[in-house]
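Notes for the one structure printed next.
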Amino acid sequence: MILVNRLPLLLLILATLSGCRENNEPGSDGSLVFGVAYGFCVGDCAHFFQIKDGALFKDNMERYPGDELQFDSNPLPEDKYLLAKSLLPQFPAYLRERPNSTIGCPDCADQGGYHLILNSNSESQYWHIDTSTGSQPEEIKAYMDQVRIILEQLKN
């Protein structure tokens, strides 16, 4: 009799929990930072952008790594945001499965390195990725090529 009385409660709890899943997608509080930096360089050696709150922001720093990433408070024009926004939904599962990692040997041969930072659900994950496509896994080559093309277009 006790089991019969508690069965509806147990079913309700199971139904509630089965509908829960972790959300790693950046929401309104999420952002994607992407860029390239060069260690042995003179002048502006870091080119970073941040997709946040439906806008795109350019960095206002010349070197990376530094104390922290700094971005202009004013967003770039809408056409620049439209150029970059595809990077967020296309973020590779391969990288999501390997958070906080270095791929290849970024900037070891003075070739610079790509840097990605994904902020979602109050978590921050990063990736440092070699610019040499020979050091990139097949699973991310197309995405990193897209990052490279977008960075080139945004710098102009």
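Net charge within 9 Å of Lys58 by Cβ-Cβ distance, Lys/Arg positive one each and Asp/Glu negative one each, not counting Lys58 itself?
Charge balance in the 9 Å sphere: -1.
Please work out how much length the chain gains when fully extended from Lys85 to Ser135, using 0.36 nm per residue of separation minus the C-alpha to C-alpha distance, in nm with one decimal.
15.4 nm
Tell me the label-point distance for the pair Ser101, Arg63, using the 7 Å Cα-to-Cβ offset, in nm and rounded to one decimal.
Output for this residue pair reads 3.1 nm.
Neighbour counts of other C-beta atoms within 10 Å: give me Ile140, Ile150 arranged from fewest to most.
Details: Ile140 22, Ile150 18.
Lowest count first: Ile150, Ile140.
When you have a sec, figure out the Kirkwood radius of the range 24-155 from all distinct Cα pair distances and drop it here in Å to one decimal?
Evaluated on the range 24-155, it is 14.9 Å.
What is the extension gain from Ser122 to Ala109, computed as 0.36 nm multiplied by their sequence separation minus the C-alpha to C-alpha distance, in nm to one decimal?
Here the answer is 1.2 nm.
Around Ser135, under 14 Å between beta carbons, what's the net of Lys plus Arg minus Asp minus Glu among the other residues?
-3
Residues of the range 83-111 with the amide nitrogen closer than 11 Å to a label point 7 Å from the Cα of Gln146, along Cα-to-Cβ, please.
What the label zone holds, given the 11 Å backbone N cut-off, is 84-93.
Bear in mind these aren't lab numbers, they're just calculated from the coordinates by the rules spelled out. All figures in this text were calculated on a predicted structure; none of them were measured in a lab. Neighbour counts run over all protein chains shown; Cβ positions are idealised from the backbone, glycine included.
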